[in-house]
Structure formats: C-alpha cells, structure tokens
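Comments concern the structure below.
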Amino acid sequence: MGSKMKLVRSGNVQARKYKFAALITGFFLVTMTFLVVSKPQSVVISNFGYRTSFPAARTGSDNGLQGSHSATYSGGLDALNSQESERNDGKDEGEINDISGSTSKEEASTHEIKEESGPKSSNHVATNQAATHIALPTASNYSILEHAQSDSSIVPEKSGEQVQTPATRKPLCNVSYPRVDICDMNGDIRIGANSSFVMFVEPSATEQKEEWRVHPYARKGDQTCLNGVRQLTVKASSEGPQCTVSHDVPAVVFSIGGYTGNLFHDFSDLLVPLFTTSRQFNGEVQFIVTDWKQWWINKYRVVLQNLSNYPLIDLAAGDEQVRCFKQVTVGLRAHTEFRIDPRRAPNGYTMVDFARFMRSCFSLERETPSTIEDLAARKPRLLLIARKWSRAFTNSEEIVATAEELGYEVVVEEADVSSDLARFARIVNSCDVMMGVHGAGLTNLVFLPANATIVQIVPWGGLEGIAMLDFGNAAKDMGLNYVQYSIGMEESTLTEKYPRDHPVFTKPLSFHGRGFHVLRSTFMKQQNVKLDVKRFRGVLWEALVHLIQ
C-alpha cells in the first residue's frame, strides 16, 4: 500500500512538472507571436551586437515612388517643392523637365549620415548629386509629402529617431523654359567686370558643384540670334574674387545683342521681359548689360530710367571692379512673343500694366480714345503706318481718300529704327485707330490709348497665325479692339511675279514647312499690298463703330 502511494505521489509530481513546462512554453510562444506580428521592428537582439531586420509592407499606392521600403524622387525635398511650383506656374509652356541631372558625375558629391551606435534602429540616407536622387526610409507616400512640405532638411521619423540631412538648395538656373534660361540666386554673388562669370559663393561644407552656360537673351534656340549674344557662365564655388563694390539692391543681367534694332524685337525680346522681370523692384534694381550698344540705350533711355534708379553697368567695361550682390537674376522672364502671362509674372503683371507703364514713361496724355462727345467737336484720327521696302501700300492715296470719306482725319507716318520714339509715341497716342501691314511698325500699338482700335492687314501667304501671334494677342491683352484683314490674291503684288497657277497662290501653306527663311523671302520681302478699297471700306467702318459704341 505504501509503495502504491509513493508511485501515485511520484506520478502526480511528474505530471505537474509536465503541465508547468507546457504552460511556460505556451506563454513564451504566445508572447513571441504577439511581438512578431504586432511590432516586428521592436524585436532587437542586442546582447550579441546584432539586430533583426524586417522589410516593411507597402502602404497604399506607390504614386511613382520606387522600392518596397525606400522611396526616391528627383532633386531631394527642396526640389520637390520647387518643381511642383514650376508645374503649377508654367503649365502653358509644356512639361517642366528635371534640370538637376545636368550636373556632371565628376562634379558630384555624396553626403551620408553614418549609423549611430547602440541598439536603436537608424536610417542610412545618401544624397547623390550625379543622380540627383535621395533615398528615404520606410514611410507612407503621405508622410513623405507631408514632411517635404514642412521641412526639407528632416527625413521622416523611423522608430522614434529624427535624422538630419544637409539642406539641399535648388539649382542656380532653370533651363526648362522654351523661350529663355533664367538663373535666380540669393546669397553671396560676385560679378567681375570684363568677365563672363557670375559666381555664387557658398561655404565649402555646403558647396554643390554646379556650372551653367547661358545666353541672357529671350530667344532661346535661335542660333542665328544668339551668335550676337555673349554667353555667360554661372557657377557655384567655395571661393571667389574679393569684393571691391557691394550693392544693397538686386541685379538683373541681360544682353542687348541679338535682334535689337528691329522695333518688334526691341519690345518682344527686351522691353516686355525687362518690365516683367524688374518692375517689381520699383526702381531699386541694378541693370548689368552685356553686348553694350550705346545707340540702343540712348533710344530707350527713358524706359530704362523708369525701371531702374541707377546707371547701367557695362559688363565689358574693362575696369577692375568685382561687384557683389545678395540677389541676382541672369536673363529676362519671357513667356511668349510680345506677351505677359499674369499667372507667372511677379505681382500678376499684364500687358495692360505694360502699356500703361509705356504711356507714363513718355508722359502721354490720353488714357482712353475719343468719346462720342469728343467726336462731336473733332474727327476721329486714323494713323496709317507706311513702309518703304516691303509690304508697303502701293495705293496709299486711295486708302486715305476712302477713310476721309468716312469721316476720319488721316495721319500717314513711317516708323523706322532711326525715328524719334518719343515723337512717334505722341502721334500714336493722339490717334483712335491705327492700321498697317504686318510688320515691326505695328509694335507702336503700345502707345495707343486703352480701347482704341488696331487694324492689322495680313499679306498673302497663310500668315494669319503669325500675325495673331505677333500682334493680335498682344493687342487684345492690352485691352485694344483688334481687327484683322487678310488680303486677297488680287491685292498682292505677287501676281506681278508669279502666274495664277503657281504654288504661291494654289498651295501657299506648302512654303511654311520649308523653313522661316523661305517663308520670309517669298511672302514678306517680295510682296507689297494694293488694297481693294471697296472691300476694305467695311473694315474702316467697323473700326469707326468701335469708337461710337
């Protein structure tokens, strides 16, 4: 009996030992399962100097971000914000390309944050300027954008850590615009006289090797034009020449080479972009000029003096000065031909603002055309722009007589490069209607009073699109009434040079694909206009109706 009791007690003890072991084992398995499933990154085996690594699951859609547990995008966090702004500002100019990748591999540098010692998880972040990509740690797409908008120097947190990366500035120049390359710089900028360099000086610890070659003239891609424009080198460096003169105002650097001397290009390539770029400074801006032309500066001196309170600086003056600025823009903001896009212009400037500015520069009296009450005391004035060499009116006297029959007082004037701009501006401003064949002389429409009428006569050759691009859109943007008249075949002197079955008459659009030089030599240089006054009479009447409405 005693031996049986001993066997039962020993059996019970053994059973309790097995139950206790099973309980401990089960508890351990449940605990480990919970930890692994709920917080994989918290499992750290630190006693042996190792840590476990678990790939994080993707959250939501990728939205173009690469990798399962790292996201990449071009240019770093600062670039993300600046590129997004450029997309919003410049949708009408086509897709904005990534320009950061133009930095050469030889100039690239890599910044890396070393892993800290200790058991906490840390992030490895590298910025490679050659590839211009920055790898982010595991994070949802939402958190990446959220951090990008709040602080571009902070990488999203991981396991309670916050890792600082060197701040990445945006590139010095933006070459993505189709019409012009623009370099905007804020900091320590040094420009040496008689030099082709504009140097952005930054500490060696933060220096990003960068170099751009730009033509500061608003006709990008036109090599014939740019042959007359000095190329400048804009670069970042940790060292620069010693400053001899320090300026407290921003600087704008531009060229007066290119097509200057043609009235249309003077305005489309220079004066309108210069207004758009510098008007925001209210005169407190320094102009630095390349390809100096004294006659051009003399002609537009009153405009330049109304944009800047300081004498122009000739970049090729030959002196030994090194001029230092805190803000510099190289190149002029140009959107399209002879126009301003208010969505992209500082302060929302428009062509109405530009026209008002031009009238104020020359102290022109009339802001609006004649009213019905004015017309009771005098006749409406019609300005006919005459031309000498091509696209000239061959029956000007007949046109004048027809206009006078309708009640106009007609003024015939020719606008050429040597004309007194102030005198001509006063003549234009005194008129209610201005008419002329497509050409540079129509640029004087900027001096017309608001709500006046401009009549553009389009020569034969399918030039309606060019006419609208150069002057029609600008006239409408300035608040002018715009009338476009396309001549018929019999109103062109090309009938004296070509038979009626020639492609010039049967297929004029076929010349457009053969290059602008062919188009120009065929339909612009060789052609004059003999208006059918009976047909054109209705156009003159339409312009008159605009005045009395």
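Any residue in segment 378-386 that is out of contact with any helix residue (DSSP H, G or I) (no Cβ under 6 Å at 6 or more places or on another chain), without any contact (Cβ under 8 Å) to a residue 60 or more places away in the chain and within 18 Å of G538 (Cβ to Cβ)? Yes, that holds for at least one residue.
Summed over segment 232-249, the residues that are surrounded by 13 or more Cβ atoms within 10 Å (Cβ to Cβ) and either part of a loop (DSSP other than H, G, I, E, B) or outside the structural domain of Q286 (by TED's automatic domain parsing) (or both) give a count of 6. Within segment 216-261, the set of residues being touching a residue at least 40 places away in the same chain (Cβ under 8 Å), over 22 Å from C324 (Cβ atoms) and of a type in the set (V, I, T) comprises V229, I256. Report yes if some residue within segment 165-180 is in contact (Cβ under 8 Å) with a residue 12 or more places away in the chain, aliphatic (A, V, I, L, M), out of contact with any Lys or Arg (no Cβ under 6 Å at 6 or more places or on another chain) and closer than 22 Å to G318 by Cβ; otherwise report no. No: segment 165-180 contains no residue that is in contact (Cβ under 8 Å) with a residue 12 or more places away in the chain, aliphatic (A, V, I, L, M), out of contact with any Lys or Arg (no Cβ under 6 Å at 6 or more places or on another chain) and closer than 22 Å to G318 by Cβ. Mind counting the residues in segment 336-356 that are within 10 Å of V446 (Cα to Cα), surrounded by fewer than 18 Cβ atoms within 10 Å (Cβ to Cβ) and either assigned by TED's automatic domain parsing to the domain that holds T276 or not basic (K, R) (or both)? Final tally of qualifying residues: 1. Looking at T168, T138, just one residue is part of a loop (DSSP other than H, G, I, E, B), at pLDDT 50 or above, crowded, with 17+ Cβ neighbours inside 10 Å and not assigned by TED's automatic domain parsing to the domain that holds V252, and that residue is T168.
I340 is checked against (1) over 23 Å from D222 (Cβ atoms); (2) under 23 Å from the mean Cα position of the chain (by Cα); (3) not aromatic (F, W, Y) and fails just one. What number does that condition carry? All conditions are met except number (1).
Where helices (runs of 4 or more DSSP H) fall wholly inside segment 466-549, the ranges with 2 or more residues that are under 17 Å from L384 (Cβ atoms) and out of contact with any Lys or Arg (no Cβ under 8 Å at 6 or more places or on another chain) are 533-548.
Of the residues G472, G461, only one is at positive phi and either surrounded by fewer than 17 Cβ atoms within 10 Å (Cβ to Cβ) or of a type outside the set (S, T, N, Q) (or both); which?
None of the others qualify; the one that does is G461.
One line per residue, one yes/no per condition, for (1) in contact with a strand residue (DSSP E or B) (Cβ under 8 Å, 6 or more places away or on another chain); (2) buried (at least 17 other Cβ atoms within 10 Å of the Cβ); (3) over 29 Å from E397 (Cβ atoms); (4) assigned by TED's automatic domain parsing to the domain that holds F471:
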{"position": "M489", "(1), (2), (3), (4)": "no, no, no, yes"}
{"position": "L494", "(1), (2), (3), (4)": "no, yes, no, yes"}
{"position": "H502", "(1), (2), (3), (4)": "no, no, yes, yes"}
{"position": "L509", "(1), (2), (3), (4)": "no, no, yes, yes"}
{"position": "L519", "(1), (2), (3), (4)": "no, yes, yes, yes"}
{"position": "K525", "(1), (2), (3), (4)": "no, no, no, yes"}
{"position": "K534", "(1), (2), (3), (4)": "no, no, no, yes"}
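The residues of segment 393-416 that are under 14 Å from G441 (Cα atoms), buried (at least 18 other Cβ atoms within 10 Å of the Cβ) and not aromatic (F, W, Y), listed by number, are E413, A415.
Here T336, T329 are screened, and the one residue that is out of contact with any Phe, Trp or Tyr (no Cβ under 8 Å at 6 or more places or on another chain) and within 16 Å of S268 (Cα to Cα) is T336.
Each row is one residue, and each column tells you yes or no for (1) closer than 24 Å to V302 by Cα; (2) touching a Cys at 6+ places or on another chain (Cβ under 8 Å); (3) at pLDDT below 95.
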residue: T368; (1), (2), (3): yes, no, yes
residue: A376; (1), (2), (3): no, no, yes
residue: E397; (1), (2), (3): no, no, no
residue: V410; (1), (2), (3): no, no, no
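In this structure, is A316 surrounded by fewer than 18 Cβ atoms within 10 Å (Cβ to Cβ) and not in a helix (DSSP H, G or I)? Against the criterion (surrounded by fewer than 18 Cβ atoms within 10 Å (Cβ to Cβ) and not in a helix (DSSP H, G or I)), A316 qualifies. Within segment 534-549, the set of residues being touching a residue at least 24 places away in the same chain (Cβ under 8 Å) and more than 11 Å from T402 (Cβ to Cβ) comprises E542, A543, L544, H546, L547, I548.
Taking the criterion of being more than 23 Å from E491 (Cβ to Cβ) and outside any loop (DSSP other than H, G, I, E, B), the residues of segment 412-425 that qualify are L421, A422, R423, F424, A425. Residues of segment 426-456 that are of a type in the set (S, T, Y) and either free of Cβ contacts under 8 Å to residues at least 40 places away in the same chain or part of a strand (DSSP E or B) (or both): T453 alone. Applying the condition of being outside any helix (DSSP H, G or I) and hydrophobic (A, V, I, L, M, F, W, C) to segment 375-401 and asking which residue is farthest from Q549 (Cα to Cα) yields W389. Criterion applied to E414, E409, E365, E404 was being of a type in the set (D, E, K, R) and under 19 Å from D532 (Cβ atoms), and the one residue passing it is E404.
The values are calculated or read from the model by the stated rules, or taken from the named source; none is laboratory data. Keep in mind it's a predicted model, so treat the numbers as computed, not measured. For neighbour counting, all protein chains shown are included, and Cβ atoms are generated from backbone atoms with ideal geometry for every residue, glycine included.
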